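Here, each number is a calculation from the coordinates, and none is a lab measurement. In this text, all values refer to a predicted model and were calculated from it rather than measured experimentally. We place every Cβ from the backbone using ideal geometry, glycine too, and count neighbours over all the protein chains shown.
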Amino acid sequence: MKQDVGSVVKPLTVVHWKLKEPKDLIEKLFSQETELKPIEDPNEVIPLLYRYKISNIVIGAQSSEDFKKEWLPVLQKVPLNQRREIFVLLVLPSAKSFDPWQTFLHSVNLLVSVEELKDLPFHLERAKQYFYELYEPYFRAMRKFAEELR
């Protein structure tokens, strides 16, 4: 039984899915460690940031242009200290999947085309490992700095 968002114990994975393809694999992969929270409007993310720990944002967009129009302004509003802790997965009908350059251009952590969703478990694990390795020195330094301030 799914918990109500008001009683979330685990971190959240926010899911904004506008694709006709089912999101079963997404739900299976992300529900293991987080509570899933479907949203209709990207702007719903901002108030959630102040109430919950968001670990992941999964976006299934109709096109790159739609993503850039709807989501980039929202992602740019997320405070940097929180954005560094949020893994963003973008799924598009057609995209150059798992391409670091395209991923960077979309300001996400992993970019996948619908056709290659079947390979997501492997690539998600690798992308998450890279994500944690990239930011762990930053988080370690921030923890040390916070301890020194006490």
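Arrange K23, K118 by Cβ neighbour counts within 10 Å, fewest through most, would you? All intermediate terms of the calculation are to be shown ahead of the outcome.
On the way: K23 17, K118 10.
Going from sparsest to densest Cβ surroundings: K118, K23.
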Hey, any idea what the orientation-averaged projected area of the convex hull of the stretch 4-110's Cα atoms comes to, in nm²? 6.6 nm²
Please give the helix 120-149 orientation as an angle from the longest Cα principal axis of the chain, in degrees from 0 to 90, rounded to the nearest 10. 20 degrees
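May I ask which of K28/K144; K10/K118; K77/K144; K20/K77 have a Cα-Cα span longer than 30 Å here? Don't skip to the answer; put the middle values down first.
Details: K28/K144 36 Å; K10/K118 26 Å; K77/K144 27 Å; K20/K77 28 Å.
Long pairs (Cα-Cα over 30 Å): K28/K144.
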What is the magnitude of the charge dipole of the stretch 5-149 about its Cα centre, with +1 placed on the Cβ of each Lys and Arg, -1 on the Cβ of each Asp and Glu, and no other charges, expressed in debye to the nearest 20? 320 debye
What does the extension gain come out to for D99 and E147, with contour length at 0.36 nm per residue minus their alpha carbon separation? 13.5 nm
Rounded, prolate or oblate for the stretch 39-89? Axes are the square roots of the Cα gyration tensor eigenvalues, ordered a ≥ b ≥ c, and the cut-off for rounded is a/c under 1.5. prolate
